[in-house]
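So the structure is just underneath, and the comments pick up after that.
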Amino acid sequence: MSSVITIKGNIVLPTEILFDSYLTMSDGKITDISKETTSANVIDATNQYILPGAIDAHVHCYSSLAEGFTNATRSAAAGGVTTIIEMPYDADKLICTQELFDNKIGLLEQEAVVDVAMLATIAPQGGLDQIPLLAQSGACGFKVSLFNTDSTRFPKIDEGELFEAFQEIEKTGRPVGVHAETDSIVRKFIEKHAEEGENDPAAHCKSRPKVAESTAALTVMELAHYTNVKLHLYHCTFPRVFDLVAYYKEQGTNVTAETCTHYLTLCENDMNRLKAKAKINPPLRSESDMDILWELLALNQIDMVTSDHAPWTIDKKQADNIFENSSGAPGVEVLLPILFSEGVATGKISLLQLVKVLSENPANRFGLGHRKGKIEVGYDADIVILNPEEKWVLDESQMHSTAGWSPYNGMEMHGKVKRTFVRGKEVFNGKITGNPGDGTFISAVHTREV
């Protein structure tokens, strides 16, 4: 393939769409955006959108060891995601030391099909000395939890330890992201429903009430307010959390918040239909909450949308007792298609809003904005061609994750990813054309805000 590639189509820039224009990329970078071209090698995407590659800021490649970087990033490529941000919670260990972090970089350089930035975490006790070392190794941020998912793999960090950690993380300029659920509230309600013999799918939602999420969000926003750390709230599920985020932003707290595709398209009414496939932490909320999240997205009050890709194999979703199933669902491959189909194609959000929450905002928050997140000369040529008119039905058997299932199976889709380029190399054109090793580690660049 020629090292110079030009695409003709409707180019989606941060603030406008250039119709019937030409984007040229060479040596991994965007080199020209213009109304005319002299290039002999032109991909004709007339009437299709040329988008910046999506950045999925919430991906678990190793919660299931069967998935790994290769399968998760193949899924990403097929869905128009050109960079994933990998979580530090592997099935067998916490990525909480510089040695473990550097070893994982070596693994992704061999296995990834698209580019990867990585989060680090801290040990529940005695790991604060690793924070500057992990930043030195290029971590794009830190991830912690107020809920004890698993004492080894995904532990709770106590509030006192978090207060000290936030102070150390602030010195690095990195953001700290939080799984915000108050552990004691969730534990009490899980026990309550178990004692009462309630273990049907709906019991999962009842066991994790909204107050568990909002109280945890308030705790870490207060910690961020007093430490000046950059804070990010993961997988926020209902409007009040975003109202609280808006309040803290007005107070000068440096905080961003995301929601996920499942909270925009599924609700607690779907639990009996999907059963354990819809068991996700935090849980699905009401239909009204789902509808208002779209309104907040249209008002630019949600900073980004992610997949929270958790590729459990189907055997982890088969128990009759809902509490005995693993939590989470695969989603990186459908992040962009669902947000376009359910958001842009229906008129709920604009295309410019889509690229902001899927590309520009995550790039800027996690220290990738010096080279990724928008179509601009000099930036990485991470490009997606999307046909806005093509309609199709989502088929879980055609997905590329080892999970082999999707909670969105059978969904009617409007708009389809046709081709994906990572730094100018085609990795998807209806089938996966990228190879393990095509992706690379993206070291984050952050500045400390004093």
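Bear in mind that the values in this text are calculations on the coordinates, not laboratory data. Values in this document were obtained by computation on a predicted structure and should not be read as measured data. A quick note on method: Cβ atoms are made from the backbone with ideal geometry, for glycine too, and the neighbour counts reach across all protein chains shown.
Taking the Cβ of Phe166 as the center, what net charge do the other residues with Cβ under 12 Å away carry, scoring Lys and Arg +1 and Asp and Glu -1?
Value of the local net charge: -3.
In the chain, what percentage of the DSSP-assigned beta bridges are antiparallel, given to the nearest 5?
Roughly 50 percent of the DSSP beta bridges within the chain come out antiparallel.
Cα centroid distance between region 253-289 and region 186-206, in Å?
So the separation of the two Cα centres works out to 17 Å.
Can you tell me how region 297-450 classifies by the Cα gyration tensor, rounded, prolate or oblate, using a/c under 1.5 as the rounded cut?
Judged from the Cα gyration tensor, region 297-450 comes out rounded (a/c under 1.5).
Using DSSP to define loop residues, name the trypsin sites (Lys or Arg not before Pro) in region 330-408 whose beta-carbon has at most 11 other beta-carbon atoms within 10 Å.
Counting only loop positions with at most 11 other Cβ atoms within 10 Å, none of the trypsin sites (Lys or Arg not before Pro) in region 330-408 qualifies.
Of the labelled options (i) 21.5; (ii) 22.6; (iii) 19.3, which one gives mean projected area of the Cα convex hull in nm² as computed for this structure?
Of the labelled values, this structure produces (iii).
Quick one: which of 193-199, 341-347 comes out on top by average Cβ neighbours within 10 Å, and what's the full order, highest first?
341-347, 193-199
Tally Lys and Arg at +1 and Asp and Glu at -1 over the other residues with C-beta under 15 Å from the C-beta of Lys316: what net charge comes out?
0
What is the angle, in °, between the Cα long axis of helix 159-172 and the longest principal axis of the Cα atoms in the chain? Nearest 10 is fine, range 0 to 90.
It works out to around 30 degrees.
Could you tell me the relative contact order of the chain? Use alpha-carbon pairs under 8 Å, at least six residues apart, and round to a whole percent.
Rounded, it is 22 percent for the chain.
Over what distance in Å are the Cα centres of region 292-322 and region 22-44 separated?
Cα centroid to Cα centroid, the span is 36 Å.
Angle check, please: helix 183-195 long axis (alpha carbons) against the longest principal axis of the chain (alpha carbons), in degrees 0 to 90, nearest 10.
Roughly 70 degrees between the two axes.
Using a Gaussian network model of the chain whose springs link C-alpha atoms within less than 10 Å, name the residue from Ser21, Ser34, Ser401 with the highest mean-square fluctuation.
Ser34
Among 277-290, 46-59, how do they line up by average Cβ neighbours within 10 Å per residue, starting with the highest?
Sorting 277-290, 46-59 by mean packing, highest first, produces 46-59, 277-290.
Cα axis of helix 98-111 to longest principal axis of the chain: angle in degrees, 0 to 90, nearest 10?
On a 0 to 90 degree scale, this one is about 40.
Give the aspartates and glutamates reachable from Lys188 as a straight Cα distance under 18 Å; neighbours fewer than 8 places away on the same chain don't count.
Partners within reach: Asp150, Asp158, Glu196, Glu198, Asp200, Glu213, Glu324.
Connecting C-alpha atoms closer than 10 Å in a GNM of the chain, tell me which of Leu218, Leu264, Leu299 has the biggest fluctuation.
So, out of Leu218, Leu264, Leu299, the one fluctuating most is Leu299.
Check Gly415: other-chain or 5+ apart residues with amide H under 5 Å from its amide H, H built from backbone geometry?
Answer set, sorted by chain and number: Glu390, Lys391, Trp392.
Just to confirm a number: summing +1 for Lys and Arg and -1 for Asp and Glu over residues other than Gly9 whose beta-carbon lies under 12 angstrom from that of Gly9, what do you get?
Net of charged neighbours comes to +1.
In whole Å, what is the distance between the alpha-carbon centres of region 152-180 and region 380-450?
Between the Cα centres of region 152-180 and region 380-450 lies a distance of 30 Å.
About its Cα centre, what dipole magnitude does the chain give when the only charges are +1 on Lys and Arg Cβ and -1 on Asp and Glu Cβ, stated in debye to the nearest 20?
520
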